[in-house]
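Structure first, then comments.
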Amino acid sequence: MLFRSTGVGLRAQGGTPFIRQTAYIKASNPQMGAHFGSGGTLLGDSVAMSANGLTLAVGAPDENSGAKGVNGNQNDTSVAGSGTVYVFTRPNANGAWTQQAYVKASNPGMGDAFGHIVALSADGNTMAVSAYYEASAAKGINGNQDDDSIPQAGAVYIF
């Protein structure tokens with residue numbers, strides 16, 4: 001067993017795997033019950049890292065902001081359970097992590113769970129985010145997001 005990724009903190013030392021923590025990351029607006037980084041069989045995969053290890057996206061599907069789009073008002077707690085994704089980057093494998101973006105749906109709704117599942121492309125430049133309780137009756141791509149006539153229909157947003 002041989003590990004050699006110093007940027008991730010995993011390498012062999014004397015034949016024994018060595019794992020070290022390289023960062024402790026939290027939401028820029030922590031909220032009770034937001035479920036920052038939730039995951040597991042029933043909770044989704046709300047943490048994604050690019051293949052090069054320089055971009056990290058972390059969902060908080062129960063975050064409460066009513067902000068729309070990218071880098072809106074994180075202190076707005078008007079839409080319970082709308083969800084969000086925090087994007088963190090670092091300049092190189094040994095660099096410090098910084099928050100690059102606070103990402104919300106273009107149509108945040110109560111209980112939408114935006115950020116339930118998050119996926120990043122290998123280079124970290126494209127992100128897909130699910131909101132599995134989003135309620136629009138829109139069909140296909142770029143339909144009417146304001147029609148909330150089908151509860152829990154779900155949607156995926158591409159950034």
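The values are calculated or read from the model by the stated rules, or taken from the named source; none is laboratory data. Just so it is clear, the model here is predicted, and its values are computed rather than measured. As a convention, Cβ positions derive from the backbone with ideal geometry for all residues, glycine included, and neighbour counts pool all protein chains shown. When the accessible area is computed, the model is the full protein with side chains, heavy atoms only, and any ligands, DNA or RNA have been set aside. Shrake-Rupley method; radii C 1.70, N 1.55, O 1.52, S 1.80 Å.
What the table shows:
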{"read-out": "Subset tally (residues that are modelled with pLDDT of 95 or more and of a type in the set (Ser, Thr, Tyr)) for the stretch 134-159", "value": "1"}
{"read-out": "First in the stretch 86-104 and outside any strand (DSSP E or B), second anywhere and open to solvent by less than 10 Å² (accessible area, probe 1.4 Å) and among the charged types (D, E, K, R), Cβ under 9 Å, 6 or more apart", "value": "104/63"}
{"read-out": "Residue 128 vs. criteria part of a loop (DSSP other than H, G, I, E, B), surrounded by fewer than 16 Cβ atoms within 10 Å (Cβ to Cβ), of a type outside the set (S, T, N, Q) and on the phi < 0 side of the Ramachandran plot", "value": "no"}
{"read-out": "Of all residues in the stretch 51-64 being more than 21 Å from residue 133 (Cβ to Cβ) and among the polar types (S, T, N, Q), the one that is farthest from the chain's Cα centre (by Cα)", "value": "52"}
{"read-out": "Cβ pairs under 8 Å, 6+ apart, first in the stretch 31-43 and among the hydroxyl-bearing types (Ser, Thr, Tyr), second part of a loop (DSSP other than H, G, I, E, B) and at pLDDT 85 or above", "value": "38/46; 38/61; 38/62"}
{"read-out": "Residue identified as within 24 Å of residue 146 (Cα to Cα) and either at pLDDT 85 or above or among the charged types (D, E, K, R) (or both) among 27, 105", "value": "105"}
{"read-out": "Filter pass, residue 137 being in a loop (DSSP other than H, G, I, E, B) and among the hydrophobic types (A, V, I, L, M, F, W, C)", "value": "yes"}
{"read-out": "Yes/no for residue 18 being modelled with pLDDT of 65 or more, outside any loop (DSSP other than H, G, I, E, B) and among the hydrophobic types (A, V, I, L, M, F, W, C)", "value": "yes"}
{"read-out": "Residue, most open to solvent (accessible area, probe 1.4 Å), within the stretch 77-111, restricted to residues that are of a type in the set (A, V, I, L, M) and closer than 17 Å to residue 123 by Cβ", "value": "93"}
{"read-out": "Unmet criterion (only one of (1) open to solvent by 10 Å² or more (accessible area, probe 1.4 Å); (2) out of contact with any His (no Cβ under 6 Å at 6 or more places or on another chain); (3) part of a loop (DSSP other than H, G, I, E, B)) for residue 63", "value": "(1)"}
{"read-out": "Qualifying residue in the stretch 141-148 (condition: open to solvent by 20 Å² or more (accessible area, probe 1.4 Å) and part of a strand (DSSP E or B))", "value": "no"}
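A quick yes/no check of all residues on (1) under 21 Å from residue 132 (Cβ atoms); (2) more than 11 Å from the chain's Cα centre (by Cα):
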| site | (1), (2) |
| --- | --- |
| 22 | no, yes |
| 36 | yes, no |
| 66 | yes, yes |
| 74 | no, yes |
| 90 | no, yes |
| 95 | no, yes |
| 102 | yes, no |
